[in-house]
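Rule-based calculations on the coordinates, nothing more; no lab input. Note that this is a predicted model, so its numbers are computed, not measured. Don't worry about glycine lacking a Cβ; one is built from the backbone with ideal geometry, like all the others, and counts go over all protein chains shown.
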Amino acid sequence: MSFQQCCFLLTVLCRATGTLNSVAWYYQYSVPVLQLSQFDVVVVSPSSNLNPATVTGKTKYFAYASLGEVTSKEPYYKDIPKSWIVASNDIWGTYVINVSVPAYADFFATKVVEPQWTRGYRGFFFDTMDSYERYAMTSADQAKQQVGIVNIIKAVKAHYPNASLIFNRGFEIMPQVHDVVFAVAFESLYASWDNAAKKYVAVDPDNRSRLLAKVKEIKELDPNIPFISIEYCSPTPANNTCQQNAIENVKAHGVIPYVADGLLMTIGRST
């Protein structure tokens, strides 16, 4: 059996261990395990106080990992050659990495993923997978970055074949990696957060249509991949209508909803 076939079977097994009904994102330092036990999967910050090796029950904890960007606060930031940094994301205060650099694949697997694997995490949420669009302006340049991302994912699976991976988007590379992904997340079918303006906004119908077209395309490729839409509503009780409408609307598309505040600092809702 080839390595690729082995990874595929492991991913199928992970998907088959139970129906994925709810996923939460919670980025506070102190993780309230009891309150979050209502979810099947919870994505947390790697800098949180959670010790995943001691967690019992059905909830699986995934560590956040930024694939295409880095902040100066990350412990591995000092090890990144400055030549790898090609742009900045001023809205979030991050630096954008050239993901096509061949050495970055092993760097990401060993410097970003490995410390969290050692802590006990067996699932990872890969964010900023489309940040290359900030600096790769031509189709040829974007294709080069996409190859780099595929190589990063392959490197992670080579180091940790049992790792479960949730992607934030990554639509363009799905034909190459759909057999190793646990689930695909994206942000905002209906309710969004504008971090620059610090306000909640409704999603443009054209943007929603484009997202749903991507979901349809990937479901045709692999109908067993779960999709999750992260929706953003103010967490106050007065905004219960926004939350409930987002949940019902997202579910109508066969997508798992998660609704929370714009910075994912409060426990949100899937139902």
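Two numbers describe the Cα atoms of the chain: Rg and Dmax, which are 17.8, 55 Å. Residues Leu165, Leu36, Leu221, Leu212 in ascending order of nearby Cβ atoms (within 10 Å, fewest first): Leu221, Leu212, Leu36, Leu165. Taken about its Cα centre, the range 3-260 carries a charge dipole of roughly 460 debye when the Cβ of each Lys and Arg holds +1 and the Cβ of each Asp and Glu holds -1. Note on the range 115-169: with charges restricted to the Cβ of Lys and Arg (+1) and Asp and Glu (-1), its dipole about the Cα centre is near 260 debye.
Can you show me the helix-derived [θ] at 222 nm for the chain, built from DSSP H runs with n ≥ 4 at -39,500 (n - 2.57) apiece and divided by the number of residues, rounded to the nearest 500. Result for the chain, helices only: -9000 deg cm²/dmol. Near Val86: Cβ cut-off under 13 Å, other residues only, Lys/Arg at +1 and Asp/Glu at -1. The net charge is 0.
Computed over the Cα atoms, what is the radius of gyration of the range 54-99 divided by 2.2 N^0.38 Å, N being its residue count?
Output field value: 1.52.
Annotation: amide H of Phe62 within the under-5 Å range of Val42, Val43, Val44, sequence separation 5 or more or interchain, hydrogens built in the peptide plane.
Within the range 40-93, the trypsin sites (Lys or Arg not before Pro) that combine a DSSP coil assignment with at most 16 other C-beta atoms in a 10 angstrom radius are Lys58, Lys73. With θ taken as phi - 60° and the Karplus curve 6.51 cos²θ - 1.76 cosθ + 1.60 applied, the whole-hertz 3J(HN,Hα) list for the range 107-118 is 4, 5, 5, 8, 8, 9, 7, 4, x, 6, 4, 4 Hz, x standing for glycine and proline. Across the range 34-42, computed HN-Hα scalar couplings (Karplus, 6.51 cos²θ - 1.76 cosθ + 1.60, θ = phi - 60°) run 4, 5, 8, 5, 6, 9, 6, 9, 10 Hz from first to last residue, x flagging Gly and Pro.
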